[in-house]
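The values are calculated or read from the model by the stated rules, or taken from the named source; none is laboratory data. Bear in mind that the values here come from a model prediction, so they are computed numbers and not experimental data. Here Cβ is always computed from backbone atoms with ideal geometry, including for glycine, and neighbour counts include all displayed protein chains.
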Amino acid sequence: MLKVEELNVYYDKIHAVKGVSFEVRDGEICTLIGANGAGKTTILQTISGLLRPKSGKISFDGVDITGHSPNKILVRGLAQVPESRRVFGQMTVLENLEMGAFTRRDTAGIREDLEMVFHSFPRLKERLRQPAGTLSGGEQQMLAMGRALMSRPKMLLLDEPSMGLAPILVDEIFSIIRQVNKTGVTVLLVEQNATKALEIADYSYVLSTGKIVSSGEGRSLLTDASVRSAYLG
Ligand code: ATP
């Protein structure tokens, strides 16, 4: 579904992503793990069109989307849930969710998807009229995911959904990611929480200083000695 080939991304002279290639298959949960500064966020932002690569190719659903605008990429069915869950703090929960559907005109479908989001995140339904800025960290993460789902994406890009959350909330978020995936949404998840990310993944790639250094089925990497020593302690 998503194919990244020989991707190179720079910030001025800093070569942040160095010839990265990987693939996410239709219907799977794929994770990209790696330490701070490995280049995970840079890769996601390049896929979603927020950054331009120096070279390389990104294809989604068989179409070359390299260098396309974020809006065009979203309309194709690729939605990103940003790091540190940037929600619109002054707007209510409902308004945030409605914003997620800004590319759509199918009122009935939007209504249906709102119900689906409320079903996955009952806590959001209880707080519909509350300004998003007053939600807890976990609730804001749920809202950021719900908002992305309102575009009815084929694929979701998630940037460190566990960051800053209590362990019990991390479990809840990961179980929701699984549920969303079961409804047919392909997932690419970027995480520093390697154990969690490997447990949930069908397939994983390990990133270190801008390069992919290892890959395999999620559970097999959990027992891989080099991955264990570098990322799992
Ligand atoms: P983290 O988990 O800390 O977000 P990451 O794996 O997502 O780490 P990136 O944020 O993609 O890593 O950063 C990759 C490299 O690019 C790092 O060396 C970082 O310092 C550098 N970098 C990231 N953003 C910028 C920027 N706006 N300007 C200059 N360098 C940047």
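Brief remarks follow.
- Search result, residues across region 5-39 that are closer than 17 Å to THR66 by Cβ, surrounded by 19 or more Cβ atoms within 10 Å (Cβ to Cβ) and more than 14 Å from the ligand (Cβ to nearest atom): PHE22, VAL24
- Number of the condition not met by LEU135 [criteria: (1) free of Cβ contacts under 8 Å to residues at least 40 places away in the same chain; (2) closer than 22 Å to LEU169 by Cα; (3) surrounded by fewer than 23 Cβ atoms within 10 Å (Cβ to Cβ)]: (1)
- Qualifying residue in region 211-227 (condition: surrounded by fewer than 22 Cβ atoms within 10 Å (Cβ to Cβ), modelled with pLDDT of 90 or more and touching a Lys or Arg at 6+ places or on another chain (Cβ under 7 Å)): yes
- Strands (runs of 3 or more DSSP E) (entirely within region 162-233) containing at least 3 residues that are farther than 22 Å from PRO82 by Cβ and touching a residue at least 12 places away in the same chain (Cβ under 8 Å): 203-208, 211-217
- Test: residue in region 20-43 that is at pLDDT 95 or above and in contact with a Pro (Cβ under 9 Å, 6 or more places away or on another chain): no
- Evaluation of LYS57 against (1) surrounded by 13 or more Cβ atoms within 10 Å (Cβ to Cβ); (2) at pLDDT below 90 (one fails), failing number: (2)
- Of all residues making up region 77-94, the number that are under 29 Å from PHE60 (Cβ atoms) and surrounded by 17 or more Cβ atoms within 10 Å (Cβ to Cβ): 9
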